[in-house]
Structures are given as structure tokens and as C-alpha cells.
Amino acid sequence: MEFNEYQQAANRTLYGNEQVLTNCALGLAGETGQVVELVKRYTFHGQDLDHDALVKEMGDVLWYLSQVAQWADIDFDEVAQNNIQRLNDRYPNGYHKQLKD
């Protein structure tokens with residue numbers, strides 16, 4: 001699925017027309033927090049990393065992010081392409097940790 005296809009399909013489930021940007025930004029923060037919580041439980045509490053829960057929460061993050069872009073009239077493909085270009089510019093040979101002498 002292309003990012004713009006996802007963005008349009010996700011927009012079908014957006015509710016409301018007032019305070020949409022604020023609702024989506026707050027939702028993005030909340031769902032990101034749930035991803036972080038899963039990682040925290042894995043890293044510090046010795047729990048197994050719950051693949052299904054992580055996929056679900058990451059999907060929620062993706063939904064909110066796509067709707068922030070939708071509200072701002074930004075194609076989601078543009079967000080992804082711009083990010084990859086920035087990474088390529090910053091790390092033309094990929095990211096390699098520098099070893100100290």
C-alpha cells in the first residue's frame with residue numbers, strides 16, 4: 001500500500017471537523033506513549049515484547065500521523081519521501097557508528 005492510499009483510507013474514519021488538528025496531535029502523543037510503554041516493559045520489566053500489541057499501537061501512531069498530514073494538506077507520500085531524502089543526505093553511506101581511537 002502506498003502512503004497516500006493509506007492516508008485516504010484512514011481519513012474515512014476521521015470523526016469531527018472542529019479541533020481536528022489538536023485531537024490528532026494529542027492522539028499521536030498518546031499512542032506514541034503506548035508504544036514507549038511496551039518497549040519499557042520489555043526493556044526494564046523483563047516482559048516479552050508483544051508483537052501484536054506493538055503492531056496495533058504502531059498502526060494507531062500511523063493513523064494519527066497520517067491525519068495530521070491530511071489536515072495540513074500534505075501528501076503522506078511527501079512526508080515519507082522527504083524523510084528518506086534527508087536521511088540519504090545526512091548519511092550517504094548509511095549510518096555507521098564512529099569508533100573512537
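Before moving on, here are some points about what is shown:
- Within the range 1-22, the set of residues being of a type outside the set (A, V, I, L, M, F, W, C) and outside any helix (DSSP H, G or I) comprises 2, 12, 13, 15, 16, 17, 18, 19.
- Across the range 45-57, not a single residue is classified as within 23 Å of residue 5 (Cβ to Cβ) and over 13 Å from the mean Cα position of the chain (by Cα).
- Residue, surrounded by the fewest Cβ atoms within 10 Å (Cβ to Cβ), within the range 8-48, restricted to residues that are modelled with pLDDT of 95 or more and of a type in the set (Asp, Glu): 48
- Tally of residues being part of a helix (DSSP H, G or I) and of a type in the set (A, V, I, L, M) across the range 73-99: 4
- Of all the listed residues (25, 29), the sole one being in contact (Cβ under 8 Å) with a residue 12 or more places away in the chain and of a type in the set (Gly, Ala, Ser) is 25.
- Meets criteria (outside any helix (DSSP H, G or I) and over 12 Å from the mean Cα position of the chain (by Cα)) for residue 70: no
- Residues being surrounded by fewer than 14 Cβ atoms within 10 Å (Cβ to Cβ), in contact (Cβ under 8 Å) with a residue 12 or more places away in the chain and aliphatic (A, V, I, L, M) - total across the range 49-79: 1
The values are calculated or read from the model by the stated rules, or taken from the named source; none is laboratory data. Since this is a predicted model, take the numbers as computed values, not measurements. All Cβ positions, glycine included, derive from the backbone under ideal geometry; neighbour counts span all protein chains shown.
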